[in-house]
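Below you'll find the structure, written out as structure tokens, and then a few comments.
The values are calculated or read from the model by the stated rules, or taken from the named source; none is laboratory data. Only a predicted model underlies this, so the values are computations on that prediction, with no experimental measurement involved. Note that each Cβ is placed from the backbone with ideal geometry, even for glycine, and that neighbours are counted across all protein chains shown. For the accessible areas, the whole protein counts, side chains as well, though only heavy atoms, and no ligand, DNA or RNA atoms are used. Shrake-Rupley method; radii C 1.70, N 1.55, O 1.52, S 1.80 Å.
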Amino acid sequence: MADRDCVLRLLAFYIIPWEQYAANDLDGFLVSAMQMLNKMTRSKLEELKNTFCRTMKVAFDIFGNDAFHKRFDTKDGRNPVNKALLEIWCVGLARCPEEDLNNLIRRKQRIRNSAMELLQDDQEFEIAISASTGVPQRVKKRFGEINTFIAKCLQ
């Protein structure tokens with residue numbers, strides 16, 4: 001069931017821009033997204049499926065088995081999947097053009113190292129992916145940070 005929750009969360013923030021998330025009601029947001037998904041045509045659902053599959057592949061190409069896991073240091077053990085990391089990385093990557101995705105994959109070691117630094121250096125970001133993840137300020141913090149992060153990695 002947790003896997004379905006993860007997929008719904010990332011699809012919700014993909015089809016409803018995170019900037020529109022204003023209420024402290026993640027469950028209500030997910031219900032709204034589910035209603036939208038239920039009204040989509042088969043072709044739109046197929047497009048979402050393809051985007052999801054492409055995004056998962058790119059995330060694995062960049063992070064390997066560490067995709068969507070909090071990692072502070074290369075020597076750390078592997079933590080469980082973090083739903084907030086999954087949603088921000090997937091939405092961020094899904095919105096990238098193919099050329100940018102290829103550039104990110106080529107820079108994967110830099111990205112992995114920089115992602116660990118972000119977790120170490122930005123306590124607000126770490127909190128935004130760890131606790132009360134439905135609070136609007138934390139949603140905005142984590143999505144804003146990952147968008148900035150991706151943009152910097154593409155420079």
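Label point of D5 set 7 angstrom out along Cα-Cβ; within the range 111-155, amide nitrogens under 17 Å from it belong to 129-135. The mean accessible area for residues of the range 31-155, using a 1.4 Å probe and ignoring ligands and nucleic acids, is 56 Å² per residue. The residues R78, R142, R4, sorted by heavy-atom accessible surface at 1.4 Å with ligands and nucleic acids left out, run R4, R78, R142 from largest to smallest. Cα-based values for the range 83-155, radius of gyration first and Dmax second, are 12.1, 35 Å.
For the range 1-63, the square roots a ≥ b ≥ c of the C-alpha gyration tensor eigenvalues yield an a/c of 1.5 or more together with a/b not exceeding b/c, which makes the shape oblate. Based on the Stokes-Einstein relation at 10 °C and a viscosity of 1.306 mPa s, and on the Kirkwood radius from alpha carbon pairs, the range 33-108 is assigned a translational diffusion coefficient of 115 µm²/s.
What the Cβ-Cβ distance of D61 and T148 gives, at R0 = 22 Å and to the nearest 0.05, is a FRET efficiency of 0.55.
As a fraction of the 1.4 Å probe accessible area of the chain, surface on carbon and sulfur atoms comes out at 51 percent.
In angstrom, the C-alpha Rg and Dmax of the chain are 15.1, 46.
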